[in-house]
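Structure record follows, encoded as structure tokens.
The values are calculated or read from the model by the stated rules, or taken from the named source; none is laboratory data. Keep in mind it's a predicted model, so treat the numbers as computed, not measured. With ideal geometry, Cβ positions are generated from the backbone for all residues, glycine too; neighbour counts draw on all protein chains shown.
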Amino acid sequence: MNKVTPAIVLLSAYLRVAKVAASCSTGWTLNSGNGLCYKFFTTLKIHNDAINYCYTLDALLATPKDLGEVDFIANNVISAYGQYAWMGLVKRTDVESWKFFDGFTFDSGQASWNLWRAGFPSAGQRCGHLKGEDMNYKFQTSPCDYAYKFVCQKKTTAHVCPSTWFRSPFGSICYKQYGLSSTFQETVNLCNDDGTDILMPRHSGEDMFLSWYFSQNHQYEKVWIGYQEQNNVFSWQSGAETTFTSWEDGEPDSIEDCAAYALSAGNSYHKWFGLQCSQPAAGYCQDTNFYTWVASTTHESTTNEITTEVTTKVTTGVTTEVTTETTTEVTTQATTEVTTEATTEVTSTSVITETTPATSSTSSLNIITTTVSGSLNNTCACFCLKNHTNITAEELEEKISQIKNNLTVDAKSLTSAIRLLTSAYDPRASSQNIGSVGIAVLVSIGCFLLVLDCVPTNGCILGKKKTFNVN
């Protein structure tokens, strides 16, 4: 019987990633207190257009929530350019409180946060801006169709959604339209079939953004919200728990068992209305599974130190001990501030069932150092999209060739080429007269030249030779 002894393998690893200081894109100013980047724009825009412009930059109209943020914006962003600047401060209805665009309620009753200028807010004015007097900036209100300069704010990382989806500036949510005119349950089924959820604005910031977004894309009268009555109680379709609601006054009534945005022209923000679940409305889905955050700027290089220590101890009648220590230093490019510590310890026991002479071997580890350029993804090691399929180089070349063929245009068929070969018709009598005179002049010149060719040039005129006396 062969002697059987256990083999014990112990592996420990330690990974340390150096810290990288975050910064803002060129032209933006970093507030180290809250980690946000700000930029002042001198172009005059109405409040809604300012919100839309900031959104195209993956940013928000500035929403300063304390005295420190107001002072930073005033002293570092606005002061060098002007005294007025739109902020993301709105009042959606006459009875609703003033709120920032991210849903934060502006509570002027707090002593430390009483930043309304004397006499404000004014009745009937629903948009807020900062105004400075003697370097003292406070909030005022104005009609939303006034044109002011404005300040945008954004994070040091950019929120990216796949194409055909639009993003929420308040987190990791991507949205997409799925149904043009479907019932509530049909919309739920469409979303679930694709592994997503029906639209569910579960806090004030999401609700403010979605109601504004639909007002900018006013194609439908109603948009489903995943909020449904079950057993006489409204709850989120996904079962999520939240106390947030945004019903219009008097909504819902006793016969309406689902919720929807009711959109109206000329209104930038919309509240929830009750709607029968069997009625048609536009359907939107949301997903948090395939977004990524990418760094907005490129930073200086840093050093990642990776230390791996492997100890293997094997007993097979004769003991062989092999110890390998490997230390690798890798220099890469990074774009965000990341600190990661991980310790892994694995102990396994196996049985060796054969007896052989003890041998000693040396294994080598090939280290490949690479330099990676581009953006750092904090969520995963690669940018992954749902239902993504890799294609070969040959397939890619074929697709590129097809695109080139589709984009190729026959130059002879262009209107510019046709115009070069076509004379413009002019029905005016003056144009006809000018053309006739021109033809007559050209014919006269031709006849004159023809006559000159027929006249002798050797001194003979009309057949008579002229003689000269040389004496």
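Things worth noting here:
- Number of residues in the stretch 14-34 that are in a strand (DSSP E or B), of a type outside the set (S, T, N, Q) and at pLDDT 85 or above: the value is 1.
- Checking each residue of the stretch 238-245 against the condition of being in the same structural domain as residue 189 (by TED's automatic domain parsing), surrounded by 19 or more Cβ atoms within 10 Å (Cβ to Cβ) and modelled with pLDDT of 80 or more gives no match.
- Hey, residue 143 touching a residue at least 12 places away in the same chain (Cβ under 8 Å), of a type outside the set (A, V, I, L, M) and not assigned by TED's automatic domain parsing to the domain that holds residue 34 or not: no
- Positions within the stretch 187-225 being of a type in the set (A, V, I, L, M, F, W, C) and either modelled with pLDDT under 80 or under 19 Å from the mean Cα position of the chain (by Cα) (or both), in sequence order: 208, 209, 210, 212, 214
- From 147, 158, residue being over 16 Å from residue 100 (Cα atoms), among the small types (Gly, Ala, Ser) and touching a Leu at 6+ places or on another chain (Cβ under 7 Å): 147
- Meets criteria (at pLDDT below 85 and assigned to a loop (DSSP other than H, G, I, E, B)) for residue 426: yes
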